[in-house]
Ligand SMILES: [Fe+2]
Ligand SMILES: [Fe+2]
């Protein structure tokens, strides 16, 4: 199975470059399954049901999120509307699995693409972030229940150490662990000895002429003055950051992982 994982889609510039590039990318790399982190797809903050459905229409199979998941409150009602229906598109928008269990939404999705069963797990780190449940033990619990061999984990986390540690912890038990959230791609992609593809951060799909997606003048001003303000997305230099992972269908072990950055 060949999996494309697209890093945090940020605002309209991110959505536009996905619209412009995804079809060719899928054809060129013979992609079976397309995953993306969509936590910043609505003007940088959260995701709306309409934007999620547009992204599904563009060819994304499952969306993951992270700390911005609740920025657009419509998502809560959208989750409620799914009402346990496994075929609702809301079911294919994940929120981190290690959030409070009584919150709406799901942190795991199991599906089938081109006849190959797969699972996507969304987790969030705890270092320099909200104190959610332990993502390590949560991963253990989830993996006891998941039936698919091809398993992709999005660890949405700030600290590189936490991402590297969970990569080693899950080595040999999942197809890939990819990091998101910092919006800056890292150059450490590799297949770990047990067969898990790993990268600390996939990077952002959005405007690089800014500070991790936001207008650079605003962020510089924030560092200079610390005044509260409403951040606006940057627009210039949109790029698409992703990884392509190839796995063995039968064992779920990764064969390769390669970084992609398109302008
Ligand atoms: Fe993000
Ligand atoms: Fe984030």
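Since every read-out is calculated from the coordinates, none of them should be taken as a lab result. It should be emphasised that the depicted structure is a prediction, and the values quoted were computed from it without experimental measurement. As a convention, Cβ positions derive from the backbone with ideal geometry for all residues, glycine included, and neighbour counts pool all protein chains shown.
The length gained on full extension between residue 225 and residue 85, counted as 0.36 nm times the residue separation minus their Cα-Cα distance, comes to 45.6 nm. Computed from the C-beta positions of residue 23 and residue 249 and an R0 of 25 Å, the FRET efficiency is 0.60 to the nearest 0.05. Please say if the chain is rounded, prolate or oblate, where rounded means a/c under 1.5 for a ≥ b ≥ c the square roots of the C-alpha gyration tensor eigenvalues, and otherwise the choice is prolate for a/b larger than b/c and oblate otherwise? Because its axes are fairly even, with a/c under 1.5, the chain counts as rounded. For residue 209, project a label point 7 Å along Cα to C-beta. Then give me every residue of the range 12-26 with its amide nitrogen under 18 Å of that point. Those under the cut-off are 12-18. Among 157-169, 201-213, sorting by the average number of other beta carbon atoms lying within 10 angstrom of each residue, highest first, gives 201-213, 157-169.
Computed from the C-beta positions of residue 216 and residue 263, the FRET efficiency with R₀ = 22 Å rounds to 0.75. Of 114, 150, 40, the residue with the greatest mean-square motion in the GNM of the chain, using alpha carbon springs below 10 Å, is 114.
Between residue 161 and residue 184, the modelled label-to-label distance comes to 1.8 nm, taking each label 7 Å out from Cα in the direction of the beta carbon. Relative contact order of the chain: 19 percent, from C-alpha pairs under 8 Å at least 6 residues apart in sequence. GNM on the chain, alpha-carbon springs under 10 angstrom: the most fluctuating residue among 77, 242, 36 is 77.
Would you look at the GNM of the chain, springs on alpha carbons closer than 10 Å, and say which of 184, 51, 142 moves the most? Result: 142 has the largest fluctuation of those listed.
Taking the centroid of alpha carbons for each part, the range 90-168 and the range 177-249 are 19 Å apart.
Site pair residue 114 and residue 145 shows an inter-label distance of 2.9 nm when each label is modelled 7 Å from Cα along Cα→Cβ.
Which ordering of 106, 70 is given by a fewest-first count of other beta-carbon atoms within 10 Å? Mind dumping the intermediate values first?
Working: 106 15, 70 18.
Lowest to highest Cβ neighbour count: 106, 70.
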